[in-house]
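Only the coordinates and a few stated rules stand behind these numbers; no lab work does. A quick note: this is a predicted structure, and the numbers were derived from the prediction, not measured. Neighbour counts are summed over all protein chains in view; Cβ atoms, including those assigned to glycine, are modelled from backbone coordinates with ideal geometry.
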Amino acid sequence: MNRSEILFLYDIADANPNGDPLDGNKPRIDEETEINIVTDVRLKRTIRDYLEQYKGQGLFVKEIVDEQGNIQDAKLRAMDYANGITEFESLMNAKKEISNNILNECIDVRIFGATIPIDIKITGKTKKKTSSITLTGPVQFRLGRSLHKVEIKHIKGTGAFASTSGKEQSTFREEYILPYSLIGFYGIVNEKAAESTKMTDDDVDLLLDGIWNGTKNLISRSKFGQIPRVLMQIEYNEDNYFIGDLDKQVSLSHDLDNDKEIRSINDYKIDLSKLLELFKLNKDKIAKINLKFDPNVQFKTCNSDDCISKISGLEIEVNKLEL
């Protein structure tokens, strides 16, 4: 496995890409720059749900509710992977048994890592031993940020039911949405960390599938309308090497008075010129670029096929992802 970087762009219209529960579930905004923020946790949840529901992959981080309606905590979840063993000879043996089973069965830990608390019985000891297993994830994402300024819209409406029995009027509801946001995520795949979590090239393929199709298939009320637009994975042929900050090399070009007037993908063109220049400067370090473009994307200096041709013209291998 080689070191690689990931650039992912997707958009959303008339919806809330990532609400802040501590602020009335409003879309997350950098107040200084008016840029929309989406947490890496949101993207990881999207990927996890897709891989479980559509690809049949096992997950460690998931909500499990017992017959009494109680949500399973992380310590109990860890014991699901103890293979029925209730007492261990040593803490080291317990960590080895549980972590190996989790890594073999749970793709999300192989990809994203986890800190797993354990509470186990040691042979000959009266008290349980509390500790944790720390697995550093090979794949890390920064916060997603919109490539333009956005505005929040406050929507009010009426609900279907009364607030209490006997009331003649139904309740009011309110929500916050963004008319439009094109969001960029940047991530790195660390081949060294992959060795300790047993992440494989097949896992990386599933990760890319989850990024693209997980976003496309996230059909909840607040997320309906998310469309993946650009996905690139840049693989390197030199250990520990990467360009960095790929998301900052992409910008938008439009003829509107300001960014906040953007309402659809037809209102702008994506400028990849800085990114292509970086590819040119680093072509000797790049082994391959895996990519997928939505056919509706408009680029400033080239259409989709031309952009791919420009990268290939730099003597860089290009692989179109079939997702």
statement: With label points set 7 Å from each Cα along the Cα-to-Cβ direction at residue 132 and residue 100, the distance between them in nm comes to 2.4
message: Show me, for the range 146-151, the HN-Hα J-couplings you get by feeding each phi into the Karplus relation (A = 6.51, B = -1.76, C = 1.60, θ = phi - 60°), rounded to Hz, glycine and proline as x.
response: 5, 8, 7, 6, 10, 10
- request: Please provide three numbers in whole Å: the alpha-carbon extents of the range 74-135 along the principal axes, with the largest listed first.
  value: 36, 18, 18
field: Sequence-distant residues sharing a close amide H with residue 251 (under 5 Å, placed H)
entry: 271
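With runs of 4+ DSSP H residues as the only contributors, calculate the mean residue ellipticity of the chain at 222 nm using -39,500 (n - 2.57) per run, divided by the residue total and rounded to the nearest 500.
-8000 deg cm²/dmol
Hey, what did the chain get for relative contact order, percent, Cα under 8 Å, at least 6 apart?
Numbers: 619 pairs, mean separation 79.0, N = 323.
Once divided by the residue count of the chain, the mean separation gives 24 percent.
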statement: Among 301, 189, 217, the residue whose Cα sits farthest towards the positive end of the charge dipole of the range 182-323 (+1 at Cβ of Lys and Arg, -1 at Cβ of Asp and Glu, taken about the Cα centre) is 217
field: Neighbour-limited loop hits for trypsin sites (Lys or Arg not before Pro), the range 1-93 (at most 15 other Cβ within 10 Å; DSSP other than H, G, I, E, B)
entry: 62
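Report the antiparallel proportion of the DSSP beta bridges in the chain as a percent, rounded to a multiple of 5.
On the way: 57 of 63 bridges.
Given both bridge residues lie in the chain, the antiparallel proportion sits at roughly 90 percent.
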field: DSSP-defined beta bridges in the range 2-143 - what % are antiparallel, rounded to 5
entry: 85
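Counting other Cβ atoms within 10 Å, keep those with at most 16, restrict to DSSP loop, and tell me which GluC sites (Glu not before Pro) in the range 236-298 are left.
On the way: sites: 238, 261, 277; in loops: 238.
Within the range 236-298, the qualifying GluC sites (Glu not before Pro) (loop, at most 16 other Cβ atoms within 10 Å) are 238.
Please identify every one of the trypsin sites (Lys or Arg not before Pro) in the range 112-144 that sits in a loop by DSSP and has no more than 16 other beta carbons within 10 Å of its own beta carbon. Write down the numbers at each step before the final one.
On the way: sites: 121, 125, 127, 128, 129, 142; in loops: 125, 127, 128, 142.
Filter output for the range 112-144: 125, 127, 128, 142.
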- line: The simple spin-label model distance between residue 284 and residue 49, using points 7 Å out along Cα→Cβ, in nm, is 4.7
- line: Env charge @ residue 87, Cβ radius under 12 Å, K,R +1 / D,E -1, value +2
- prompt: Using modelled amide H (1.01 Å from N, peptide plane; none on Pro or chain starts), what sits under 5 Å from the amide H of residue 140, excluding residues fewer than 5 places away?
  reply: 188, 190
field: Kirkwood hydrodynamic radius of the range 213-311, from inverse mean 1/r over distinct Cα pairs, in Å
entry: 15.4
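Send over the per residue convex hull volume for the chain, Cα only, as a whole number of Å³. Could you put the intermediate results ahead of the total?
On the way: hull volume 56.1 nm³, N = 323.
Dividing the Cα hull volume of the chain by its residues yields 174 Å³.
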